[in-house]
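The values are calculated or read from the model by the stated rules, or taken from the named source; none is laboratory data. No experiment lies behind these values; they were computed from the predicted model shown. Please note: Cβ atoms are built from the backbone with ideal geometry, for glycine as well, and neighbour counts cover all protein chains shown. Ligands, DNA and RNA are stripped out before the accessible areas are found, and what is left, the full protein with its side chains, is counted by its heavy atoms. Shrake-Rupley method; radii C 1.70, N 1.55, O 1.52, S 1.80 Å.
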Amino acid sequence: MKVSYNWIKELLTVDIPVEEAASLLTDTGLEVEGVDRIDSVEGGLEGVVVGQVLTCEQHPNADRLKVTTVDVGTGTPLHIVCGAPNVDKGQKVLVATVGSTLYPNGEPLKIKKGKIRGEVSEGMICAEDELGLGTSHDGIMILADDAPIGVAAADYLELQPDHVIEIGLTPNRSDAMSHYGVARDLKAALKRKGIDSTLDLPSVSAFKADDRSMTIPVEIRNKEACPNYMGVTLSGIEVKPSPNWLQEKLRAIGLSPINNVVDATNYVLHEIGHPLHAFDADKIKGSKVIIDTVAPETRFTTLDEKERTLSDSDLMIQNEEGPMCIAGVFGGLDSGVTETTQNIFIESAWFNPVWVRKTAKRHGLNTDASFRYERGVDPRMTEYALKRVALLIKEIAGGKISSEIVQDGKDQFEDHPVTLNYRQMNRLIGQDIPKEDIYEILQSLEIRILAENGEELHLAVPPYRMDVTRPADVIEEILRIYGYNHIEMPDQIQMTVEPFRPNDPSRIRRMLMENLVGMGFYEIQCLSLTKEAYYNELSSFSKDERVNILNPLSQDLNVMRQTMLFGGLETISRNISHKRKDLMAFELGKTYFKKGEGKYEEIEQIALWVTGNQNLQNWSGHSRPANFFYLKSTVMNLGQRLGLQVTSEENWDSEMMEDGLTLHFNGQPVFRFGLVKMDLLANLDIEQPVYYAEGDWQTLLKLAARSRPKMKDLPRFPIVKRDLALLLDMNIRFNDLQEAARKTERKLLSGIELFDVYTGDKLPEGKKSYAISFYLSDPNKTLTDNVVDRVMDKMIKTFESQFNAKLRS
């Protein structure tokens with residue numbers, strides 16, 4: 001949220017540097033993320049001063065130029081060549097001195113000393129457009145005779161630079177969604193520093209009805225959704241551009257001016273935090289304004305010219321023939337203020353935050369009004385806001401107030417009663433806070449003390465703080481104004497050392513995460529909410545098992561994820577768009593499934609993504625692309641880190657994968673992984689291969705809990721290696737050969753590796769060649785050639801009988 005420091009100072013008597021104000025706001029919980037200076041004139045007219053023309057003579061070498069001397073208060077007159085037709089002796093003018101920079105047409109123009117047609121020029125006498133003060137270029141600006149020589153132009157013209165403060169507002173601080181709310185916190189922080197200041201709202205005492213010629217009654221038919229609604233009419237207004245001061249205020253906080261009526265409602269919104277809306281009164285059909293829901297499937301066109309389908313849970317502002325506005329969210333196209341509008345009806349209301357939030361999410365709308373209404377605005381500001389905007393519009397658009405304020409609903413909103421126990425407060429804070437400080441802080445936050453009995457305070461919290469309903473909330477308010485920095489750190493920090501639990505899930509989680517980080521993986525955390533469109537084309541994810549969000553944040557976040565794949569792909573796509581194409585990432589998270597009416601299942605998983613190069617090119621070697629087997633080795637390493645062994649493999653037939661494999665650890669399927677299909681990647685603008693793995697975290701934990709590390713001596717006798725080249729059918733997998741080999745020789749076979757695969761025209765059609773290394777060892781003796789030959793003969797016979805394999809010479 002952006003606020004203007006000059007605007008704050010119009011409400012609060014404060015005279016401290018903006019940097020100090022920003023620091024105080026951050027200490028109170030309104031974290032300032034940045035402060036930017038804004039000049040009403042680009043460059044702030046730095047180096048431009050008031051001068052007086054002492055002499056003005058015709059340029060000897062140019063008919064349209066004059067040679068002048070100008071006093072700028074330095075004691076030495078400047079020689080300036082000027083081409084303006086209206087320059088003359090004795091005038092007070094604005095002079096851009098050497099070294100200053102002007103921005104005519106937005107382009108920088110640095111003033112330098114030079115010669116023009118042979119005459120020295122030491123500055124520039126400026127026209128209106130050259131200074132950025134207007135569009136006129138008929139001649140130089142001529143000032144009043146009493147303009148003081150040498151005074152900076154910015155001071156003479158009373159150009160005040162502004163500072164825009166960017167605040168990272170937390171969702172609970174609806175009270176601070178305005179300049180008045182921020183000023184209220186700043187006042188409380190100043191009070192703690194011993195600086196007294198005054199916070200005042202602009203007076204609305206001048207509000208009165210000029211006549212009653214245009215009274216439009218209001219009727220609330222749904223008082224749960226709208227407890228209070230007020231309106232007033234103005235007639236004879238002129239819709240036109242807003243005055244410069246108003247436009248500058250709105251531009252400073254990032255808003256684009258529209259017209260004086262709309263700008264006035266936006267101005268009051270950002271001043272005090274209460275949304276308002278103006279209707280063209282002549283477009284209100286019938287005799288009154290009605291606040292109620294409409295029939296389902298009603299079509300309604302909003303100000304952005306989009307036709308929307310309404311629900312019977314959407315509260316609408318209506319006339320007697322149909323809806324005009326989505327209450328608290330967005331106006332309608334047919335009732336809005338235009339250049340031809342002469343009479344307006346202004347609404348000020350307090351809408352139920354839940355109703356506004358659901359409607360805004362249902363239609364995917366996020367406006368300044370809905371942002372505030374759905375978090376809760378001050379219900380006691382409803383009438384003040386209406387009077388304030390009516391007076392402002394009358395001032396800048398003319399016309400007259402043509403009705404008294406009309407109202408339906410309640411206008412009394414009670415304070416929230418809260419009982420604060422001193423002992424509980426000091427226990428939570430960890431330090432005793434003097435009672436005098438507590439009283440002062442509560443008073444500065446407009447929290448009334450009803451009674452005190454020594455141990456407790458009975459408080460009344462104003463309704464502008466909808467989030468302060470419990471003692472803990474009041475304690476937080478006291479602490480943020482008192483200052484977290486004023487809470488002393490204890491001399492000793494005591495902690496309990498937990499006993500070592502080798503199978504503790506958090507320890508296993510931490511161990512695997514550290515292992516992955518050590519291998520070069522980055523941890524990511526993706527949203528559990530995702531896009532339903534990802535699953536519409538995947539038959540393996542049943543629509544009946546989909547967990548839909550009733551009030552989605554957006555159409556891109558409308559279901560709970562059923563696989564972790566897409567969140568990682570979004571991360572990869574975002575990295576690739578930022579020119580980072582090599583990525584290894586992992587996430588520990590949950591997937592969600594609906595299992596019958598009212599029953600849901602959460603499955604915790606570990607997921608890995610690999611794309612691009614697995615190592616970067618450097619002086620010692622070339623980069624190497626990641627592949628299927630790199631991801632497989634990573635998954636196997638994770639299992640081995642927990643003392644688990646791969647016992648079998650099987651194909652993973654998934655519509656998301658080009659090639660997939662499931663690994664069984666200790667007899668149970670745990671990990672499955674593969675190459676993501678290119679059509680899925682293309683939907684996310686990914687043009688390079690991505691390898692993905694997912695593991696069942698709970699199964700992994702159970703197997704790890706049962707696993708016990710086994711120790712054995714290092715081999716004392718040499719390992720014997722023998723290689724075989726086998727001619728096989730194309731459908732034979734290495735895993736099948738490996739399992740058959742281990743069953744054939746359970747005692748001496750210590751390892752088996754595939755080191756070469758060959759397919760080509762030198763082999764019979766439908767055949768491939770595997771080159772495999774076999775490692776044999778005996779822990780008790782050295783193996784002889786006869787023993788090794790017998791083992792290898794058994795292997796060959798097994799391969800021939802089971803796989804129709806042939807030895808290649």
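Regarding L30, is this residue modelled with pLDDT under 95 and within 20 Å of I111 (Cα to Cα)? Here the answer is no, as L30 does not meet what is asked.
Looking across the range 770-795, just one residue is open to solvent by less than 20 Å² (accessible area, probe 1.4 Å), free of Cβ contacts under 8 Å to residues at least 60 places away in the same chain and not in a strand (DSSP E or B), and that is V791. If you go through the range 292-348 and keep only what is surrounded by 12 or more Cβ atoms within 10 Å (Cβ to Cβ), charged (D, E, K, R) and assigned to a strand (DSSP E or B), you end up with D292, R308, E347.
Touching a helix residue (DSSP H, G or I) at 6+ places or on another chain (Cβ under 8 Å) and either of a type in the set (F, W, Y) or more than 30 Å from A176 (Cα to Cα) (or both): is that true of L45 in this structure? Yes.
Applying the criterion of being in a loop (DSSP other than H, G, I, E, B) and closer than 18 Å to A147 by Cβ to the residues of the range 45-76, the residue that is least open to solvent (accessible area, probe 1.4 Å) is V72. The selection criterion, being open to solvent by 20 Å² or more (accessible area, probe 1.4 Å), at pLDDT 90 or above and assigned to a helix (DSSP H, G or I), holds for T699.
Taking residues in the range 482-504 that are modelled with pLDDT of 75 or more, and partners anywhere that are part of a loop (DSSP other than H, G, I, E, B), the pairs with Cβ atoms closer than 7 Å and at least 6 places apart or on different chains are Y482/I433; I487/G430; I487/Q431; E488/Q431.
How many residues, within the range 377-420, are open to solvent by less than 40 Å² (accessible area, probe 1.4 Å), outside any helix (DSSP H, G or I) and more than 13 Å from N228 (Cα to Cα)? Residues meeting the conditions: 8.
Of all residues in the range 371-402, those satisfying the criterion of being among the basic types (K, R) and within 36 Å of the chain's Cα centre (by Cα) are R372, R375, R380, K387, R388. For the range 424-460, residues that are open to solvent by 70 Å² or more (accessible area, probe 1.4 Å), assigned to a helix (DSSP H, G or I) and in contact (Cβ under 8 Å) with a residue 24 or more places away in the chain total 1.
Looking only at residues of the range 642-689 that are out of contact with any Lys or Arg (no Cβ under 9 Å at 6 or more places or on another chain), in a strand (DSSP E or B) and small (G, A, S), we find that the one that is least open to solvent (accessible area, probe 1.4 Å) is G674.
Consider the range 184-231 and keep the residues that are closer than 30 Å to T26 by Cα and in contact with a strand residue (DSSP E or B) (Cβ under 9 Å, 6 or more places away or on another chain). The one that is surrounded by the fewest Cβ atoms within 10 Å (Cβ to Cβ) is T198. The residue of the range 572-587 that is most open to solvent (accessible area, probe 1.4 Å), among those that are out of contact with any Asp or Glu (no Cβ under 9 Å at 6 or more places or on another chain) and touching a residue at least 12 places away in the same chain (Cβ under 8 Å), is K581. Total residues in the range 754-769 satisfying the condition of being under 18 Å from F803 (Cβ atoms), open to solvent by 40 Å² or more (accessible area, probe 1.4 Å) and not in a loop (DSSP other than H, G, I, E, B): the figure is 5. Could you check the range 102-133 and list, in sequence order, the residues that are within 17 Å of P77 (Cα to Cα) and assigned to a strand (DSSP E or B)? Within the range 102-133, G114, K115, E119, V120, S121, G123, M124, I125 meet the criteria. Scanning the range 518-541 for residues that are touching a residue at least 60 places away in the same chain (Cβ under 8 Å), surrounded by fewer than 16 Cβ atoms within 10 Å (Cβ to Cβ) and among the aliphatic types (A, V, I, L, M) yields M519, L538.
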